[in-house]
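Beneath this line is the structure, given in structure tokens, with notes to follow.
The values are calculated or read from the model by the stated rules, or taken from the named source; none is laboratory data. Only a predicted model underlies this, so the values are computations on that prediction, with no experimental measurement involved. Here the Cβ is made from the backbone with ideal geometry for all residues, glycine too, and neighbour counts use every protein chain on show. Heads up: the accessible areas ignore ligands, DNA and RNA and are worked out on the full protein's heavy atoms, side chains in. Shrake-Rupley method; radii C 1.70, N 1.55, O 1.52, S 1.80 Å.
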Amino acid sequence: MLEAVWTGRGKRARTIRALLAPAEGLYRAAIATRGKLYDWGVFPATEFSVPVLSIGNLSVGGTGKTPVAAWFARQLSEKGATPGIVMRGYGGDEIMVHRRLNAGVPVIVAVDRVRGIRDAIAQGVDVVVLDDAFQHRRASRDADVLLVSADAWTGKPRLLPAGPWREPLRSARRATLAIITRKIADNSTVADVKRALANAASHVPVAIAHLIPGDLRSTSTGQTLPLHALRGTDLTAIAAIAHPDSFFKQLTELGAVVRPFSFPDHHAFTRAEARALAREASKSDFVVCTLKDAVKLESLWPAEAGSLWYVSQRLRVEDGQEHIDRLLEDLLSAANLKP
């Protein structure tokens with residue numbers, strides 16, 4: 001319902017947004033005041049003995065925080081660091097996704113991010129990656145990576161509750177690096193986002209990352225198949241993520257005929273829902289979901305229904321790799337590791 005209000009072009013959606021404008025104004029004033037109190041040091045930030053990298057965004061969901069945070073943790077690990085991921089763990093699915101993507105990286109779940117970072121340090125971590133912490137300013141950080149989704153870009157950010165934005169675009173000035181993420185957005189939309197970021201925060205370097213599906217993997221056997229196996233097939237697609245249409249379109253662009261089943265972000269599937277989806281999938285050649293859904297559905301999926309397949313999003317840097325390399329080098333230097 002909120003998505004319909006935030007993105008709808010009809011008279012009803014426009015009217016509701018207009019009615020929410022006063023609440024949006026109050027919210028804007030509240031976050032501006034909070035930001036100033038942190039900027040002036042009235043609210044102090046806690047410092048730590050290891051470097052901290054924050055991955056976050058300005059909007060509610062759908063920017064690719066989990067795959068991007070996992071990618072940075074993997075890059076740091078491959079360069080000799082011992083990273084740990086600290087997150088609030090809303091919904092539980094993102095915790096399991098991180099553990100699947102980086103099996104050797106500790107994942108610490110803590111509503112109090114300061115305590116979570118201290119717990120990570122106690123476990124021997126020498127670099128902390130904070131997942132979804134751009135607004136969590138009580139924890140000091142050495143680098144702030146801000147994600148902006150081109151797929152969700154409308155050109156006119158509206159703050160909560162009239163729109164999905166937690167902060168206005170000018171808050172990007174706090175970032176060390178902005179990364180524009182896209183799944184299906186075209187180059188023109190990416191260019192629009194890049195111009196908007198340049199106007200709002202001209203000193204912040206910008207990179208562009210394409211989130212693309214990885215190989216198909218079976219939850220039951222671990223078997224993998226190349227994506228071209230979907231070409232020409234009829235498939236049931238399941239997604240309980242922000243902006244599920246982007247995932248469905250990715251599958252369509254692979255040449256599949258997609259029958260989509262979407263659920264709210266972080267949806268907790270029931271056994272009855274899994275059985276209902278399996279019955280629908282029996283009419284298809286494949287049933288495919290996201291990794292975020294697979295970690296919840298695999299234990300509920302009926303054995304007689306055959307394989308439930310999933311894809312995870314892989315990150316491909318399209319522009320600005322030098323900015324990412326510089327950020328990683330600075331973090332490794334701060335951890336007293338040779339870049």
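Quick notes on this one:
- Members of region 114-124 that are open to solvent by 20 Å² or more (accessible area, probe 1.4 Å) and touching a strand residue (DSSP E or B) at 6+ places or on another chain (Cβ under 7 Å): Asp119, Gln123
- Restricting region 56-72 to residues that are open to solvent by less than 10 Å² (accessible area, probe 1.4 Å) and in contact with a Phe, Trp or Tyr (Cβ under 7 Å, 6 or more places away or on another chain), the residue that is farthest from Gly104 (Cα to Cα) is Leu58.
- Unmet criterion (only one of (1) out of contact with any Asp or Glu (no Cβ under 8 Å at 6 or more places or on another chain); (2) in contact (Cβ under 8 Å) with a residue 12 or more places away in the chain) for Ala334: (1)
- Within region 74-107, restricting attention to residues that are in contact with a Ser or Thr (Cβ under 8 Å, 6 or more places away or on another chain) and of a type in the set (Val, Ile, Thr), the residue that is nearest to Val311 (Cα to Cα) is Val97.
- Residue list for region 236-253, filter: out of contact with any Pro (no Cβ under 6 Å at 6 or more places or on another chain) and surrounded by 19 or more Cβ atoms within 10 Å (Cβ to Cβ): Thr236, Ile238, Ala239, Ala240, Ile241, Ala242, His243, Pro244, Ser246, Phe247, Leu251
- Within region 172-183, the set of residues being open to solvent by 20 Å² or more (accessible area, probe 1.4 Å) and closer than 16 Å to His136 by Cβ comprises Arg174, Thr176.
- Residue list for region 5-14, restricted to those being outside any loop (DSSP other than H, G, I, E, B), open to solvent by less than 70 Å² (accessible area, probe 1.4 Å) and not aromatic (Phe, Trp, Tyr): Val5, Ala13
- Among (1) open to solvent by less than 40 Å² (accessible area, probe 1.4 Å); (2) in contact with a Leu (Cβ under 7 Å, 6 or more places away or on another chain), the one test that Tyr27 misses: (1)
- Of all residues in region 95-104, those that are in contact (Cβ under 8 Å) with a residue 24 or more places away in the chain, part of a loop (DSSP other than H, G, I, E, B) and either open to solvent by 20 Å² or more (accessible area, probe 1.4 Å) or of a type in the set (Lys, Arg) (or both) total 1.
- Residues satisfying the stated conditions in region 277-287, i.e. among the polar types (S, T, N, Q) and surrounded by fewer than 17 Cβ atoms within 10 Å (Cβ to Cβ): Ser282
- Cross-chain or 6+ apart pairs with Cβ under 9 Å, region 263-276 first and under 17 Å from Leu308 (Cα atoms) and open to solvent by 60 Å² or more (accessible area, probe 1.4 Å), then outside any loop (DSSP other than H, G, I, E, B) and small (Gly, Ala, Ser): Arg275/Ala305
- Evaluated against (1) farther than 26 Å from Ser149 by Cα; (2) of a type in the set (Val, Ile, Thr); (3) modelled with pLDDT of 95 or more, Thr290 falls short on exactly one condition, (1).
- Selection count where residues are within 24 Å of the chain's Cα centre (by Cα), in a loop (DSSP other than H, G, I, E, B) and among the hydroxyl-bearing types (Ser, Thr, Tyr), scope region 23-79: 1
One line per residue, one yes/no per condition, for (1) open to solvent by less than 70 Å² (accessible area, probe 1.4 Å); (2) closer than 30 Å to Gly124 by Cβ; (3) among the small types (Gly, Ala, Ser):
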| residue | (1), (2), (3) |
| --- | --- |
| Glu3 | no, no, no |
| Ile16 | yes, no, no |
| Leu20 | yes, no, no |
| Gly41 | yes, no, yes |
| Glu78 | no, yes, no |
| Gly89 | yes, yes, yes |
| Asp93 | yes, yes, no |
| Ile108 | yes, yes, no |
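- Residue in region 288-339 that is farthest from Val50 (Cα to Cα), counting only those that are of a type in the set (Gly, Ala, Ser) and open to solvent by less than 10 Å² (accessible area, probe 1.4 Å): Ala294
- From the list His210, His203, the lone residue that is over 14 Å from Tyr310 (Cα atoms) and either buried (at least 16 other Cβ atoms within 10 Å of the Cβ) or in contact with a His (Cβ under 7 Å, 6 or more places away or on another chain) (or both) is His210.
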